[in-house]
Every structure is written in structure tokens, then in C-alpha cells.
Amino acid sequence: MQIEERIYIPVPPMLIDQIWSEVDQWHRWDPDTKQARLDGPFSVGSKGRIVPSKGLGIPMVVTERSAGRSFTVEGYIPLFRLHFEHTVSAVDGGSDVLHRVWFTGPLAFLFGPGVAKQVREGLPRTMQSLKDYAERRHATAGNET
């Protein structure tokens, strides 16, 4: 089971990547994140913690990172993994941004449907919030010159 949401954002892909790399600021654009942190650089193998706006925090690890293009983090509890893949690519006048979520582990059949429902409801809102945040950042950066 995979859940995807895609959005066009009229800013350069490098700005989206910069926003993603500021893990401790994720709450500024993701209404479903209360707090996030990494105990190291934004690179494969770095571990941290993410606290959703509703619920308990869970450990996370960066499992894929291609600077300027993508990253994947895995949240985990015993026997259940949540995978959050983020990709950005250049398109005319901006960025095509895709977030994809899927679940693995022996208990995915049990937890997956409930978590999937929350993700399906929240992901469009998160993507719109990312778009709004990126556009504000882009406008501010343009005014500093």
C-alpha cells in the first residue's frame, strides 16, 4: 500500500531541498509534525526522532539522500516501519514535488490501514503548507538582494 501526493511549487528545486534539510524546522511547513530532529547531518544513516502533532514520538533514520533531489526517512516501532519518500525535480518555472508513504513490517497489516487513513487525510494539507512556506521563503530571499 502506497500513498502519494504531488504538487507544483513555483520555486527552484534547491529551495525545496534546503527546506527539507532543516529537519528541526519541519513543523513550520508540516502541520502533522510537532517536532523533528536528527542527531547528525542530513545524510544516510543519521538517526533522530519525530513527534507527530497527535500521538507519541518515534525514532527515525534517514535511509536515502540525494542532495537537491530526494530523501527518505523511516520511522519505526517494533515490527512496523513507516517510510516517507520525498522527491523534487525541476519543471518549467519551478518544482514538481512528490511525497510517497508506505508501510512495512509484520504488523503493517494491523497498523497500516489506520495510519494510511491519517496520511491520506493529512498529506494534501502538508503539501499545500509546504508550497505556501516555500513561496514565502522564495519571496523573502528575492527581497534581500
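Read the figures in this text as sums done on the coordinates, not as results from a lab. Computed from a predicted model, the values in this text were never measured in an experiment. So basically every Cβ, Gly included, is an ideal-geometry build from the backbone, and we count neighbours across all protein chains shown.
Summary table
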read-out	value
Residue match in the range 82-93 (condition: more than 18 Å from the chain's Cα centre (by Cα) and assigned to a helix (DSSP H, G or I))	no
Ser21 being small (Gly, Ala, Ser) and touching a Phe, Trp or Tyr at 6+ places or on another chain (Cβ under 7 Å)	yes
Test result for Phe84, farther than 20 Å from Asp132 by Cα, surrounded by fewer than 15 Cβ atoms within 10 Å (Cβ to Cβ) and among the aromatic types (Phe, Trp, Tyr)	no
Only listed residue being part of a loop (DSSP other than H, G, I, E, B) and within 30 Å of Leu79 (Cα to Cα), chosen from Pro106, Pro124	Pro106
Residue satisfying condition, being small (Gly, Ala, Ser), in contact with a strand residue (DSSP E or B) (Cβ under 7 Å, 6 or more places away or on another chain), surrounded by fewer than 14 Cβ atoms within 10 Å (Cβ to Cβ) and within 29 Å of Gly94 (Cα to Cα), within set Ser43, Ser66, Ser53	Ser43
Residue check for Gly40: without any contact (Cβ under 8 Å) to a residue 24 or more places away in the chain and either of a type in the set (Phe, Trp, Tyr) or more than 17 Å from Gln118 (Cα to Cα) (or both)	yes
Residue within the range 107-129 that is out of contact with any strand residue (DSSP E or B) (no Cβ under 7 Å at 6 or more places or on another chain) and among the basic types (Lys, Arg) present	yes
All positions within the range 7-52 that are of a type in the set (D, E, K, R) and either assigned to a helix (DSSP H, G or I) or over 22 Å from Thr104 (Cα atoms) (or both)	Asp17, Glu22, Asp24, Arg28, Asp30, Lys34, Arg37, Asp39
